[in-house]
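As structure tokens, the structure follows; a few thoughts come after it.
The values are calculated or read from the model by the stated rules, or taken from the named source; none is laboratory data. This one's a predicted model, so the numbers in the text were calculated from it and none came from an experiment. In this analysis, Cβ positions are derived from the backbone assuming ideal geometry, glycine residues included, and neighbour counts consider all displayed protein chains. Keep in mind that these areas ignore ligands, DNA and RNA; they rest on the heavy atoms of the full protein, side chains included. Shrake-Rupley method; radii C 1.70, N 1.55, O 1.52, S 1.80 Å.
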Amino acid sequence: MGKTTYKVATRASKLAYRQTEQAVNLLKQHYTEATFEIHKISTKGDRRQERSLSQFGGQGVFVKEIEQALLNGEMDFAVHSLKDVPTKVDQDLELCAFPRREIPNDLFLTRDGSTIHTIREGFVVGTGSPRRQVQIRRIRPDAHCKDIRGNIDTRLSKLEHDDYDAIVLAAAGFKRAGRQYDSSHIMPVDVSLPAIGQGVLALQCRKSDRQLINLLQAVNHKETELEIMAERKFMKELGGGCQIPVAAYAKINGTVMNIEGLIGDRSMKRSIRMKVSGPPEQGEEIAQKLAGEMLDRCENENIQFQA
């Protein structure tokens, strides 16, 4: 195997570190003689907690410093939450492995245990995500969306003590953090279409490090890779990011991949959803077709999607 000690980069948050540990444990099952040193790197997105993510004006606020450490040779590889990684990756870096996807859904958590359908009229929900906001308002036009930042513990504390009636979190992160939730808290995909890549971890390294790429691919889950590559192709065709309401979810069922996409108006008052199907190995071509058809429909229905 050659080198046996690897420096692994991760965001400094508790959840990111735990996710990185989980990815490293998968690698250790294949390479018992290897040593993996996890290093926390502070990112712009973590440091600027006072600002909504949609106000940063660009993607990659949780990965740029980590990618620079890879490019500088300070780290060997990184573990990211894929939904944080822009569709355009530095030409000298490669996303080379994707472990099996965790549950992709959003969670709708409330103080009183109510669901999105039963919560009181005019409720306040903590989310700064345009994707989540536009979908919540499709179901509950009376909802008042209020920005919220911080880790899981911070957000749960704000739900308990601040003027939020509900908060929305990714189920995958909640589960990886070792927390329990009731199945009634899960927002079905037909209610809230996930963010592109939600629930997926991505391992990234320098493109020139072919030996390491081969090592990391031992934990790659091919079905997950095909699904998220289709989702990312959809996003790339739209040119979307965290500032605009965009979602996509690809799922392979047997010999068919279903891809569903959502595009919302910048006002977050309107949105469209469409679905296409086809062979899994043609996922990116199918996603490209879906994106084109949805952009045409946006133009026809005067949905102001582009920023």
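Below, the figures for the structure above:
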quantity: Residue-averaged [θ]222 nm for the chain, counting only DSSP H segments that reach four residues, each worth -39500 (n - 2.57); calculated: -9500 deg cm²/dmol
quantity: Theoretical FRET efficiency, 1/(1+(r/R0)^6), r = Cβ-Cβ of residue 282 and residue 304, R0 30 Å, to 0.05; calculated: 0.45
quantity: Net charge contributed by nearby residues that have their C-beta within less than 12 Å of residue 174 (K/R +1, D/E -1); calculated: +1
quantity: Karplus-derived 3J(HN,Hα), 6.51/-1.76/1.60, for each residue of region 107-114, Hz, glycine and proline x; calculated: 10, 10, 9, 10, 5, 9, x, 6
quantity: Beta bridges by DSSP in the chain, antiparallel share as percent, to the nearest 5; calculated: 70
quantity: Stokes-Einstein diffusion coefficient of the chain, Kirkwood radius over Cα pairs, 4 °C, 1.567 mPa s, in µm²/s; calculated: 65
quantity: Total charge dipole magnitude, region 137-227, about the Cα centre, Cβ charges on Lys, Arg, Asp, Glu only, Debye to nearest 20; calculated: 400
quantity: Length-normalised contact order of region 203-307 in % [C-alpha pairs under 8 Å, at least 6 apart]; calculated: 25
quantity: Separation of the residue 151 and residue 251 label points, Cα + 7 Å toward Cβ, nm; calculated: 3.2
quantity: Accessible surface of the chain, 1.4 Å probe, proportion on carbon and sulfur as whole %; calculated: 44
quantity: Helix 222-238 vs. the chain, principal-axis angle (Cα, 0 to 90°, nearest 10); calculated: 60
quantity: Globularity ratio of region 197-268, using Cα Rg and 2.2 N^0.38 Å; calculated: 1.34
quantity: Accessible area in square angstrom per residue, the chain, 1.4 angstrom probe; calculated: 46
quantity: Positive-end residue, region 202-307 charge dipole about Cα centroid, Cβ charges, pick of 224, 272, 203; calculated: 203
quantity: Partner aspartates and glutamates for residue 14 [C-alpha distance under 13 Å; skip if fewer than 8 residues away on the same chain]; calculated: 46, 153
quantity: Accessible-area ranking of 277, 129, largest first, probe 1.4 Å; calculated: 277, 129
quantity: Relative contact order (percent, whole number), the chain, Cα cutoff 8 Å, 6+ residue spacing; calculated: 20
quantity: Cα-centre dipole for the chain with unit charges at Cβ (Lys and Arg positive, Asp and Glu negative), debye to 20; calculated: 360
